[in-house]
Amino acid sequence: MFAAVTKDRHFDWTPQKGGAYRFEVQAIDRDLNYSAPAQLMMQVTVPWHANAWILTPAGFAFGGLLVWAFVARALYVRKSREAAVLRERDRISRDLHDHLGAGLTHLAMVGDLVRQQAGQPDAVEMLANRLTESARELTRTMGEVIWTTDPEKDSLRSFALFITRYAERFFAESALRLRFDFPEDVPDLTLPAAARSSLLMVAKEALNNAAKHARASEFHIKLELREHELHLSFEDNGQGFSISHAAAEGRGLHYMQQRLRDLGGQIQIESAVGQGTRVHARLSLPKR
């Protein structure tokens with residue numbers, strides 16, 4: 001590179017790439033006499049990140065990393081969806097077994113008895129009435145299963161309405177006084193199918209225990225929201241029981257606790273002989 005003759009005593013130059021450079025300057029006087037050239041040898045190095053031999057493979061590596069990250073995320077999303085589908089299928093299968101299995105077995109057993117008692121009209125009539133009632137109960141149970149799997153019912157408002165009607169129907173022929181303590185306007189928050197199913201099972205277990213064992217005159221259902229957490233409690237003024245004894249004798253309490261734990265929630269059961277029973281479930285609601 002050659003520069004034109006100038007009177008400037010300063011020279012600005014920026015190297016474009018690394019390498020060996022020679023800087024040479026020569027003076028000239030008024031009589032056009034040239035001085036001997038003065039030389040300066042320089043070795044210019046550039047930062048590592050500016051070297052093409054590093055940038056090129058680094059660029060390919062970065063591009064490959066981006067592609068890998070994209071593929072890995074796509075695989076993760078797909079696996080997550082597949083796992084969610086499998087969990088939902090397992091939940092529906094378990095609910096069908098829990099809700100319908102015993103009822104269908106009962107229908108089959110009564111049907112066998114009808115065939116065996118074919119020559120006894122009175123016995124057949126009694127068994128036919130039992131079949132009719134069992135079929136009606138199974139129909140109601142099927143309605144519950146359908147409700148828990150219906151995506152249009154994935155809301156807290158729908159759950160509050162369903163549990164109210166269920167409890168009223170459950171105690172319709174009982175002298176027990178039923179009280180509800182719900183918010184005046186239940187918000188339309190999302191309550192997924194798995195949460196609805198588990199909370200319904202907790203409710204059914206609490207109602208069944210109150211009807212069969214509590215000897216209570218009053219049953220209180222309370223639903224409240226604390227920030228983004230659902231609190232649902234069932235309380236009776238019955239005879240109560242020993243929790244340690246009940247846990248050793250049956251699996252109902254264990255199943256209730258396990259269902260809530262599977263959803264990241266908690267359930268607390270308080271009871272003592274002569275002091276009634278309180279079942280309190282707590283569950284975080286998904287944020288919108």
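Quick note: the coordinates plus some simple rules give every number you see, no bench work behind them. Owing to the predicted nature of the structure, the values given are computational and were not obtained by experimental measurement. Glycine also receives a Cβ, built like all others from the backbone with ideal geometry; neighbour counts cover every protein chain displayed.
For the stretch 153-288, what does the relative contact order come out to in percent, with C-alpha contacts under 8 Å and a separation of six or more?
Working: 227 pairs, mean separation 32.9, N = 136.
Result for the stretch 153-288 is 24 percent.
Could you give the size of the charge dipole of the stretch 153-288 about its Cα centre, using +1 on the Cβ of each K and R and -1 on the Cβ of each D and E, expressed in debye and rounded to the nearest 20? Display every interim value, and only then the final one.
Details: 19 positive and 17 negative charges, 65 e Å.
Approximately 320 debye in magnitude.
Determine, for K287, K153, the number of other Cβ atoms within 10 Å of each Cβ, and report the residues in order from fewest to most. Let's see the in-between values first.
Working: K287 7, K153 17.
So the residues, fewest neighbours to most, are K287, K153.
Given a Förster distance of 22 Å, report the FRET efficiency between S242 and S217 from their Cβ-Cβ distance, rounded to the nearest 0.05. Don't skip to the answer; put the middle values down first.
Numbers: r = 21 Å, r/R0 = 0.97.
Once the sixth-power term is evaluated, E becomes 0.55.
What length, rounded to one decimal in nm, is gained on full extension from A108 through to A172, with 0.36 nm per residue of separation minus their alpha-carbon distance?
Working: separation 64, 0.36 × 64 = 23.04 nm, distance 2.82 nm.
Gain on stretching A108 to A172: 20.2 nm.
Can you give the FRET efficiency for D181 and Q120, using 1/(1 + (r/R0)^6), R0 = 35 Å, r = Cβ-Cβ distance, to the nearest 0.05?
FRET efficiency, D181 to Q120: 0.10.
I'd like the Kirkwood hydrodynamic radius of the stretch 153-288, using the inverse of the mean 1/r over distinct C-alpha pairs, in Å.
On the way: mean 1/r = 0.0658 Å⁻¹.
Hydrodynamic radius (Kirkwood, Cα only) of the stretch 153-288 equals 15.2 Å.
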